[in-house]
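Structure first, commentary second.
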2 protein chains.
Amino acid sequence: MSDILGDMRRTHHCWELGAADIGKEVVLMGWVQRRRDHGGVIFVDLRDREGITQVVFNPEFTPDVHEKAHVIRNEFVIGVRGKVGARPDGMINPNLKTGEIEVMVTELKLLNEAVTPPFMIEDRVDVSENIRLKHRHLDLRRPALQKNIITRHKASVAVRNFLNDNGFLDLETPVLTRSTPEGARDYLVPSRVNPGKFYALPQSPQLFKQLFMIAGFDRYYQIVRCFRDEDLRAERQPEFTQIDMELAFVGEEDIMAIAEGMMVALFKEIRGIDLQTPFQRLPYDEAIARYGLDKPDIRFGLELKDMSDIVAGSDFKVFASVVKSGGIVKAINVKGGVGFSRKELDDLTDFVAIYKAKGMAWIKVKEDGTWQSPIAKFFSDGEKQAMIERLGIEPGDLILFGADTPKVVNESLGNLRNHLARKLDLIREDEFAFTWVTHFPMFEYDETEKRYQALHHPFTAPLDTDYGKLTDDPLAAKSRAYDMVLNGFEIGGGSIRVHQIELQKKIFAALGMEQAEYEEKFGFLLSALESGAPPHGGIAFGFDRLVMLLCGESSIRDIIAFPKTQKASCLMTNAPAEVDKSQLDELALKIRKISLDS
Amino acid sequence: MSDILGDMRRTHHCWELGAADIGKEVVLMGWVQRRRDHGGVIFVDLRDREGITQVVFNPEFTPDVHEKAHVIRNEFVIGVRGKVGARPDGMINPNLKTGEIEVMVTELKLLNEAVTPPFMIEDRVDVSENIRLKHRHLDLRRPALQKNIITRHKASVAVRNFLNDNGFLDLETPVLTRSTPEGARDYLVPSRVNPGKFYALPQSPQLFKQLFMIAGFDRYYQIVRCFRDEDLRAERQPEFTQIDMELAFVGEEDIMAIAEGMMVALFKEIRGIDLQTPFQRLPYDEAIARYGLDKPDIRFGLELKDMSDIVAGSDFKVFASVVKSGGIVKAINVKGGVGFSRKELDDLTDFVAIYKAKGMAWIKVKEDGTWQSPIAKFFSDGEKQAMIERLGIEPGDLILFGADTPKVVNESLGNLRNHLARKLDLIREDEFAFTWVTHFPMFEYDETEKRYQALHHPFTAPLDTDYGKLTDDPLAAKSRAYDMVLNGFEIGGGSIRVHQIELQKKIFAALGMEQAEYEEKFGFLLSALESGAPPHGGIAFGFDRLVMLLCGESSIRDIIAFPKTQKASCLMTNAPAEVDKSQLDELALKIRKISLDS
């Protein structure tokens, strides 16, 4: 072969050689991490995806090669042939696996040059994320990102192995599919062959996986790309990856057991941790009561206590009137929080304001047991005693109150609880605390559209005991949905599905759909449900977020090779971009004038 | 759990029980394949994805359950608990793995009913493909499709295992990316956040996988969905799946060896066949010379011979003038074809007309050695003797000629060769004959656009020896591209890529791009090429077609769970569909009026 490699082929990676290899002739290829000249000898740290090996150009033994090596700069790509030797005593690096050896180069191939990179290829990189995203091919060379992306690969292998071993079939579903309402906005794809019509990119393969169950495939999975055209927040990407699965002839406990088994396998493989199962099960109502949120971080206490009954008759009119008008009063006991400054309390009040809380009452319990508080004077001794018992109040405590609608109190105190745990350093970062949240409500009421909406999706089964509530008291109906929560993140969610056609129609009706509407949108599902649909259910995991937590990262952009910005742009390729008018003509589309204030 | 399954859980699949299980209590769940009533006893063939087990409702032993079983019809979903028993002597079915046993049912759960399906759930189904596609959830219950889809799963597992074991990383690339010209039309996705701009769905992750190599990931693979908005032919789908891979620090032989290893693993796993490697290598020019096509089916002979030199000076003016004007004359010797009727010869002439051949000359060689032919009289004895030698002519042969431009002759005779092999039954259907086609031309000339186009793509490296030809004689420049061909299908294709920035610019220039154009479209690639790009190359396999061949099917729609029609529609979900005006408004788009004749 007359190409640049000639007959030179790698024999080893750059993290493979050790003292046992001394004397061997080897060929390594990679990038120049660092070059040092010392006493006329050129030392190069040669890097590949596996690690670093020191290679040496010594003018005494190989003057020609040494001469040629003078051009080498950082990030040049080279191939070297040479003999593995022991490093001189003083140069052994016990921190490196390859730190006992070096390769004395006898042949050098300069495979490519490199301009000086806009930032150093190392973890402590001091440039904006936008620069990193623009030069993503360089950013991806940094050891931390290399490790993240490789961990992502290993995680997907571990998941697949587990599911393959448990009778799941990896089955593909269409990406060009039909727009159906599943809560978020669809990405649309105009059809050229059917002008004026559009495909939608899937928000999840929900109906296809149900059809797989109805077709008899029994256990399905897919690690699959999904799409949501949402207004982007920090932790959202327009496209994201799901571990999606569905099982026939099962109830929720069967699915939770499989999902737990998958997590055990995954965390063992990636983190070497033995997770304990079964994970805790927490009914939705209890999660809200104790933690304020349906994705509680259970690594720490600071639980919420409902004080409504105690304060309902008190002289503190704010609390009393909230309870009277259907609201609630809840409190958190911050152990040892008595020392919080006025400024700190103001900051906490600002924090809960994000969640629409109009204020935050507090009580400091001094070492002598007396209460320092703007509101303490309004409570009777009996009310105080009831508070002490319910909150376990002791000297040194700080009690924080929320009083508003249940939604505002729970959201604000739930998030305040997480905020306090970080502030007080109550969280062990290396702990992985899983919980299942179960028995979600079927519906929530959409005040804007004046109708019920499915809390999960319209294919979620209600509890068998709650069929009657679907029409009589929709907000009280509980579903057979479950979320897996890890360290305060919802990492997975699923449900037992509706497999009976009449029940499915009843749910569509409860959601305010006329028969014509649901027949048009979901006729194929109804037709499938009446042709022998087995009981079935499933779950989907957000793979990006899961890998983020496995890697100990705080942004999913650090575990996606080519992520998009919050404006849904790729800074490297400049996607999305303008297209030729001829392309739009073929699609029978016109771009409307955008007014500047739109 | 108070759901329909209660505490009943499957203990076995329906293809698991045998004589060794007699006496066990088991629970099976599945679909009623067939119900028979015989002497008051109800026999049901219960089906799941694994197979069939006979379950028996006997009024003598379990009158209640037997009574309940009366409602059972085909495709009903049931769960049964019962005891495994030996079938009576006369009822043993040696063709079934479970044919020695039956399950005497003691408990029946009716899990769902089913309306009468529009077609029988069996392989010999006598309905149009459109009906099958509309009711795909039922079509997918047919044993042949179940087997195909499960084989597809197994093939993907085998491929992943092989690649994981060989140091490849499964790395994800964006689906919402930038429109770049790669030969076919892009599917576009309007951006709402960036109005007037569009993403494109990838035709392949080509540039991203090259960037992975430049970022140092060394070996990449992905089983990935790709998209082409082409005018659909029988074997095309708007979305298709590729086994995509890329390797750094390699030449073409390294990649071919890995690809062969993957095929060995795949065919062993799926078909139990031991493929012999290395596969034959066939340079493009030789493939065209001998077979007329760049994807030759090498399972049979019927090779093309160039007769141009022999007939150039003959009295047959048609041949002589074709050669004079730069065309060629080629022939196929159809052994034993002397018996072809006039009608058959006319049909062959019609066949080559599809490929723009204006006619087809022929010679029949009778048993006595005389030539029967409209054109034989024009050739001298010397010319005849030369033909006899080159074509190995013997009594009983039929010689077929093509005379036209090289393109027309090769395409028409190449396809005629395949056609004849099927007609003459020369093909062993269970034979898998692989070949590599190598040394493709870099460019072809586009007569419409009056410019050179890349035969593969603009990132394909030329042979090191052909750099000069890029500017001096572009059509003579050969590339480092290679296709893997199986039984006349191109199942994979790839190349060594350009890793030097100056060479890449030279190729863009040869393709008629100005600097401003290629900087705008491919600036990120050029920037990557100058930042330390290693020598690299890769290959991509059409997974759909590969699975089709592994399954012995002739349509890729039979190995895709939810395929689209030739009009790119999904008959089940009715995608693509019209969308709400509000959705288009958000995207700042308008549908242009479609005139009826457009």
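The values are calculated or read from the model by the stated rules, or taken from the named source; none is laboratory data. Because the structure is predicted, anything quoted here is derived from the model rather than measured. Every residue, glycine as well, gets a Cβ built from its backbone with ideal geometry; the counts of neighbours run over all protein chains shown. Ligands, DNA and RNA are excluded from the accessible area calculation, which covers all protein heavy atoms including side chains. Shrake-Rupley method; radii C 1.70, N 1.55, O 1.52, S 1.80 Å.
For the protein assembly as shown, with all protein chains in place and a probe radius of 1.4 Å, 49% of the accessible heavy-atom surface sits on carbon or sulfur. Remark: mean inter-chain Cβ contacts per residue of A:44-52 equal 2, using a 10 Å Cβ-Cβ cutoff to other protein chain atoms. Using C-alpha pairs under 8 Å with a sequence gap of at least 6, the mean separation divided by the residue count of chain B gives a relative contact order of 13 percent. Computed over the stretch B:321-426, relative contact order equals 43 percent, with contacts defined as Cα pairs under 8 Å that lie 6+ residues apart. Label-point distances for A:THR471 to the equivalent site in the other copies, using a point 7 angstrom along Cα→C-beta, read 8.3 nm when ranked shortest first. Projecting the Cα atoms of B:HIS66, B:GLY369, B:MET262 onto the charge dipole of chain B (Cβ charges, centred on the Cα centre) puts B:HIS66 farthest toward the positive pole. Using only the Cα atoms of the stretch B:263-309, each taken as one equal point scatterer with no solvent, compute I(q) by the Debye sum, divide by I(0), and report log10 of the ratio at q = 0.26 Å⁻¹. With one equal scatterer per Cα and no solvent, log10 I(q)/I(0) is -0.95. Computed over the stretch A:180-318, the alpha-carbon pair-distance distribution with 5 angstrom bins reads 2, 7, 10, 11, 14, 17, 14, 7, 6, 6, 4, 2, 1, 0, 0, each value a whole percent. If only the Cβ of Lys and Arg carry +1 and only the Cβ of Asp and Glu carry -1, the dipole of the protein assembly as shown around its Cα centre is close to 1320 debye. For the stretch A:121-132, putting each phi into the Karplus relation 6.51 cos²θ - 1.76 cosθ + 1.60 with θ = phi - 60° gives couplings of 7, 7, 6, 7, 9, 10, 10, 5, 4, 4, 5, 4 Hz, in residue order, rounded to whole numbers and with x for Gly and Pro. Legend: calculated FRET efficiency, A:ASP347 to A:VAL127, from the Cβ-Cβ distance at R0 = 35 Å, rounded to 0.05, equals 0.70. Label-point spacing for A:GLU517 across the identical copies (point 7 Å from Cα in the Cβ direction), in nm and ascending order: 5.1. Counted over the stretch A:400-464 with a bin width of 10 Å, the fraction of Cα pairs per bin, in whole percents, is 15, 29, 33, 20, 2.
For the stretch B:1-156, how big is the tail of P(r) above 28 Å, as a whole percent of Cα pairs? Taking all Cα-Cα pairs of the stretch B:1-156, the fraction more than 28 Å apart is 23 percent. Using the Cβ of A:HIS12 as centre and a radius below 14 Å, the other residues enclosed give a net charge of +1, where K and R count +1 and D and E count -1.
Per-residue mean of other chain beta-carbon atoms within 10 angstrom of the beta-carbon, peptide A:529-542?
Per residue, the number of nearby Cβ atoms from other chains is 5 on average.
With every protein chain left in place, what is the accessible area per residue of the stretch B:300-427 in square angstrom, probe 1.4 Å? Please list the in-between numbers first.
Values: 6060 Å² over 128 residues.
Accessible surface, normalised per residue, equals 47 Å².
Name the residues of the stretch A:70-114 whose accessible area, probed at 1.4 Å, falls by at least 50 Å² once all protein chains are in place instead of their chain on its own? SASA drop of 50 Å² or more in the stretch A:70-114: A:ASN112.
Helix content alone sets the calculated 222 nm mean residue ellipticity of chain A: runs of n ≥ 4 DSSP H residues at -39500 (n - 2.57) each, divided across all residues, give -8500 deg cm²/dmol.
Here the stretch B:149-305 is treated with +1 on each Lys and Arg Cβ and -1 on each Asp and Glu Cβ, and its dipole about the Cα centre works out to around 540 debye. Once you divide the Cα radius of gyration of the stretch A:46-127 by 2.2 N^0.38 Å, the number left is 1.21. For the set B:TYR355, A:TYR445, A:TYR291, the ranking by accessible area, highest first and with no ligand, DNA or RNA atoms included, is A:TYR445, B:TYR355, A:TYR291 under a 1.4 Å probe.
Within a Cβ distance under 13 Å of A:MET213, other residues only, what is the Lys/Arg minus Asp/Glu net charge?
+1
Backbone geometry of the stretch A:85-91 corresponds, through the Karplus equation with coefficients 6.51, -1.76 and 1.60 at θ = phi - 60°, to 3J(HN,Hα) couplings of x, 6, 6, x, 2, x, 9 Hz, x marking Gly and Pro. Both radii are taken from the alpha-carbon atoms of the stretch A:285-431; with Rh as the Kirkwood radius, Rg/Rh is 0.94. In the frame of its principal axes, the stretch B:336-384 has Cα extents of 33, 22, 14 Å, reported largest first.
Under unit Cβ charges (Lys, Arg +1; Asp, Glu -1), what dipole magnitude, rounded to 20 debye, does the stretch A:268-415 have relative to its Cα centre? The dipole magnitude comes to about 240 debye. With its label point put 7 Å out from Cα toward Cβ, A:ASP381 sits 14.1 nm from the same residue's point in the other copies, in order from shortest. In Å², nearest 100, what accessible area do chains A and B bury in total when the solvent probe is 1.4 Å? The summed interface area works out to 11300 Å².
Computed over the stretch B:465-598, the P(r) tail beyond 26 angstrom holds 57 percent of alpha carbon pairs.
Taking all C-alpha pairs of the protein assembly as shown, those more than 52 Å from each other amount to 37 percent. The mean sequence distance of close C-alpha pairs (under 8 Å, at least 6 residues apart), as a share of the length of the stretch B:19-112, puts its relative contact order at 33 percent.
Taking the dipole about the Cα centre of the stretch A:308-355, with the C-beta of Lys and Arg at +1 and of Asp and Glu at -1, give me whichever of A:ILE354, A:ILE332, A:ALA320 is farthest to the positive side. Of the listed residues, the answer is A:ALA320. In sequence order, the stretch B:471-486 has phi-based couplings of 9, 7, 8, x, 5, 8, 6, 9, 9, 9, 8, 8, 10, 9, 10, 10 Hz under the Karplus curve 6.51 cos²θ - 1.76 cosθ + 1.60, θ = phi - 60°, and Gly or Pro positions carry x. The distance linking the stretch B:228-266 with the stretch A:528-598 is 25 Å (Cα centroid to Cα centroid, whole angstrom).
Per the Debye calculation on chain B with a single equal scatterer at every Cα and no solvent contribution, log₁₀ I(q)/I(0) for q = 0.06, 0.11 Å⁻¹ amounts to -0.47, -1.17. Judged by the mean number of other Cβ atoms found within 10 Å, the most tightly packed of the peptides A:455-464, B:161-170 leads the ranking A:455-464, B:161-170.
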